[in-house]
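Enquirer: Here's a structure for you.
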Amino acid sequence: MFRNVLFLPLLFVLFPLALLAQNKAGTVYGTVIDSESDQPLPFINVVLLKASDTSIVKGVSTDQSGRFEITNIPDGNYLLKFTCIGFHTIIKPGIKIEASGRKLNTQTTAMKSAILDLDEVVVTGTKETFNNSIDRKVYNVEGDIMSKSGTASDLLQNIPSVSVDIDGNVSLRGSQNVMIMINGKTSSLMDKSSATVLDELPANSIERIEVITNPSASYKPDGTSGILNIVLKKDVHRGLNSNFTANVANKNRYNANVNFNYNPGAFNIFGNYGYRHDNRTRYGTVDREKMDISGTRTYYHENASSTGQPMVQLASFGADYAFDKSSKLGLTGNLYYEDATRTATTSQTYFDGNHAATLDFDRKRVSPQTEKELEFEVTYERNLGKEDHVLEMNAKISHSPQDESNQYTDIYRYPVADNQYDNDVLYERDDSKEISIKYKNPFSESTSIEAGYLGEFSIYENDLRVNYFDYVAGTLVNDPARTSHFLLDKSINALFGTVNQKIGAFGILAGLRVEQASVKPQLISSDSAFTNEYFSLFPTVHLLYKLNKTTSLQLNYSKRIHRPHDDDLNPFPEYQDPYNLRAGNPSLSPEYIHSLELGCQLQYENFSLIPDVYYRYTYNRFTPMTQQVNDSVLLTTLKNMLSDRSGGVELVFSGSLPNVVSAQMSLNGFYNQIDASNLGYTTKSSAWSWSGTFSCNFTLTKTTMFQINSNYRSLRLTPQGEVSPVYGFNCGLRQDLSGGRVSLVLTASDIFNTMKFKSGLDTQPLKEHSVRQRDGCIVYLGATYHFGKSAKKKDKMEYDDGI
């Protein structure tokens, strides 16, 4: 595992050289934790009140580490009020600002959970939909009706800046090169089959989604457009907490999910199990015009349809044990299993220059397949004497095998011929190991550092055996020309360091990541191999300046990378369609991205507004290229083009009228220019594009909510053509019963059946127009049953006399 480890010098960057002169106004700061779990509490409302009349002076919310800071406080006597739905309100007296002590540390405030059995209370509180911090936007999704019956893929369509196409591929600000994490961690399955996993992950297991467009150096630098971090629910209240959800839909779709948490004290155990059965139909057409070197034109038309009935089981479990207040050991495991049989029919017709048919046949496919992933992770966390001064160590191992069999039959209409038979058997595996060490040290309330090491080691194997029917022998025999065996050995060693500094209203988070990577493709069936090694530096800077209590400015920069997926490096094609081949490119180099973003946050009581201006420069960008192998065969593969430049403006709005309506809207317009002159395209292509999402929740009664949401994505460019606009519209209705114990949900997705993927190629020898579409509107009816503990309707107020 450690044979390739290259120890690099640990780098810390951008430590502040000096502090600014002390502000004459006062500052109050501190930390808020859960009294039962000792975990930091984010998003706690902290309000400074005048001691004389309890009028409000200023208010803030705690950050992800449970910290808060209230600045520019005039001299005087004050109270601090801590409030949050689900916790007892706390009032801290004795807050005094004077010349002899203008910086007051309130130390740690422990808030006590207000919980009772569900049969004694009614749950009425909800979290704020949107929160913003120095390096991310946080969307709490519990108010989204899609979170009750849909999948993670359905939920992501309602997140500002995010769009999802009909194949489940996720884009962030118009780029599909986005890294998707679960609970702040990567997964080999999510890296390889994110579209599949997101379409199976139950939305009701998700607590919030974090959009990180410019991650700090403490995160992996993968992904052109940034990171989507999906945070799953993990109830830490004492006792047993659980819920069960079941949904049925048209077109023979149904799913069920159960999750639980048991916390008697120092020991905590949690888990989730989901079962999902789908019936998926896809349709597509292709019209193509080709011209050979002699100038002769030929034409092609294709009609395709496919149906699959995947059965998916997704299970996760975990446990952690706190030895004492300074050390904790955790174990988590994930199991993914998919069993599906897919059938497809592709009708293909070839025409000569006079549009007379020269070949007309159906290619039928039957494909049983299974895919699994088993992943385990061990985590140890040690507190080193003060709050947030910790050492974390993680070790993770995963095994992901996949078996697929494809049986093909070619049925000829013209010219008349015997049926042709061929099949292939594909075995894939992805084994990975990961080890990480992370150190955090808050030197003071205004200065902290973070540093660590990450090692990733993986082996990917693709073994394809192709057979054809030999009419003389009367049996299937091996086709050595199409059989292949590919092996890929990868290792990445990284060191990183960040520093976080606050100086009054100004904050800086800066860091540097150093990586050494080694990629070794082995073409076993052709007895060849080579090694690609590269060393990379990834600097990041995040600046924040608070103009006042409602307005702040942010300026962020990061350098990022997009590495080829394992199968993107495999040069051997599969033969689902022998006339339209797809293959990888072992010479493909990683993409590198420079990303710059300037934003402003306007936060008011009932609405927030975040305008952002951003610019991305990408070199070595991947692009699919289609070329003729011969008169009848086309090959599509990935190549590196010179550059891709894009700049745009994004506007995110969130507002509400309490207990009546809440709305969220995002608009993202950007200019894109691509340079593929190294691939023979001397003219730079450019276009304006835009995308948007809109979601609105109506509170019809105290127990009834109606939701509508829509998304749109305009035209996009490729070196050889363009991708047409696409849009969708969804709605849902939720009814709570039995005092909140039961929720009934009715949802409808893609109501107008508009989710169509249209693309075109327009080159001198080849023109093509294709349309792909999934089955239409899907309607789900579901129910969720809650039991265990939950937040109390009204909080009890407590006074804390200590500072």
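The values are calculated or read from the model by the stated rules, or taken from the named source; none is laboratory data. As the structure is a prediction and not an experimental result, all values here were calculated from the model. Neighbour counts run over all protein chains shown; Cβ positions are idealised from the backbone, glycine included. Areas reflect the complete protein model, heavy atoms only, side chains present, ligands, DNA and RNA absent. Shrake-Rupley method; radii C 1.70, N 1.55, O 1.52, S 1.80 Å.
Enquirer: Got at least one residue in the stretch 629-648 being touching a helix residue (DSSP H, G or I) at 6+ places or on another chain (Cβ under 9 Å), open to solvent by 20 Å² or more (accessible area, probe 1.4 Å) and modelled with pLDDT under 85?
Expert: no
Enquirer: If a residue must be polar (S, T, N, Q), modelled with pLDDT under 80 and in a strand (DSSP E or B), how many such residues does the stretch 201-241 contain?
Expert: Total satisfying the criteria: 1.
Enquirer: Could you say whether any residue in the stretch 236-247 is free of Cβ contacts under 8 Å to residues at least 40 places away in the same chain, open to solvent by 50 Å² or more (accessible area, probe 1.4 Å) and of a type outside the set (A, V, I, L, M, F, W, C)? Outline the logic, then answer.
Expert: Kept after step one, since they are free of Cβ contacts under 8 Å to residues at least 40 places away in the same chain, are these residues of the stretch 236-247: none.
No, there is no match, as no residue in the stretch 236-247 is free of Cβ contacts under 8 Å to residues at least 40 places away in the same chain, open to solvent by 50 Å² or more (accessible area, probe 1.4 Å) and of a type outside the set (A, V, I, L, M, F, W, C).
Enquirer: Got a number for residues in the stretch 458-492 being open to solvent by less than 20 Å² (accessible area, probe 1.4 Å), out of contact with any Asp or Glu (no Cβ under 6 Å at 6 or more places or on another chain) and closer than 30 Å to residue 536 by Cα?
Expert: The qualifying residues number 2.
Enquirer: For the stretch 671-691, how many residues are open to solvent by less than 20 Å² (accessible area, probe 1.4 Å), in a strand (DSSP E or B) and farther than 30 Å from residue 709 by Cα?
Expert: The total comes to 1.
Enquirer: Looking only at strands (runs of 3 or more DSSP E) that lie completely in the stretch 493-588, which have at least 2 residues being aromatic (Phe, Trp, Tyr), touching a residue at least 12 places away in the same chain (Cβ under 8 Å) and open to solvent by 30 Å² or more (accessible area, probe 1.4 Å)?
Expert: Where strands (runs of 3 or more DSSP E) fall fully within the stretch 493-588 and carry at least 2 residues being aromatic (Phe, Trp, Tyr), touching a residue at least 12 places away in the same chain (Cβ under 8 Å) and open to solvent by 30 Å² or more (accessible area, probe 1.4 Å), they are 532-548.
Enquirer: Restricting to strands (runs of 3 or more DSSP E) lying wholly in the stretch 692-803: which have 2 or more residues that are under 28 Å from residue 636 (Cβ atoms), open to solvent by 60 Å² or more (accessible area, probe 1.4 Å) and modelled with pLDDT of 80 or more?
Expert: In the stretch 692-803, the matching strands (runs of 3 or more DSSP E) lie at 756-762, 766-774.
Enquirer: Inspect the stretch 313-334 for any residue being farther than 30 Å from residue 393 by Cβ and either under 30 Å from the mean Cα position of the chain (by Cα) or touching a residue at least 40 places away in the same chain (Cβ under 8 Å) (or both) and give the result as yes or no.
Expert: Checked against the condition, which is being farther than 30 Å from residue 393 by Cβ and either under 30 Å from the mean Cα position of the chain (by Cα) or touching a residue at least 40 places away in the same chain (Cβ under 8 Å) (or both), the stretch 313-334 yields at least one hit.
Enquirer: Would you please list the contacts, defined by Cβ atoms under 6 Å and residues six or more apart or on different chains, that run from a residue in the stretch 105-120 that is modelled with pLDDT of 85 or more to a residue that is outside any strand (DSSP E or B) and open to solvent by 20 Å² or more (accessible area, probe 1.4 Å)?
Expert: 106/803; 110/35
Enquirer: Next question. Quick check on the stretch 589-619: of everything there that is among the polar types (S, T, N, Q) and outside any strand (DSSP E or B), which residue is farthest from residue 634 (Cα to Cα)?
Expert: Selected residue: 606.
Enquirer: Cβ-Cβ under 6 Å, sequence separation 6+ or interchain: first residue in the stretch 201-220 and closer than 17 Å to residue 450 by Cβ, partner in a loop (DSSP other than H, G, I, E, B). Which pairs?
Expert: Close Cβ pairs (under 6 Å, with a partner that is in a loop (DSSP other than H, G, I, E, B)) amount to 212/136; 216/135.
Enquirer: Hey, any hits in the stretch 648-670 for a residue that's within 30 Å of residue 582 (Cβ to Cβ), in a strand (DSSP E or B) and more than 24 Å from the chain's Cα centre (by Cα)?
Expert: The answer is no; no qualifying residue exists.
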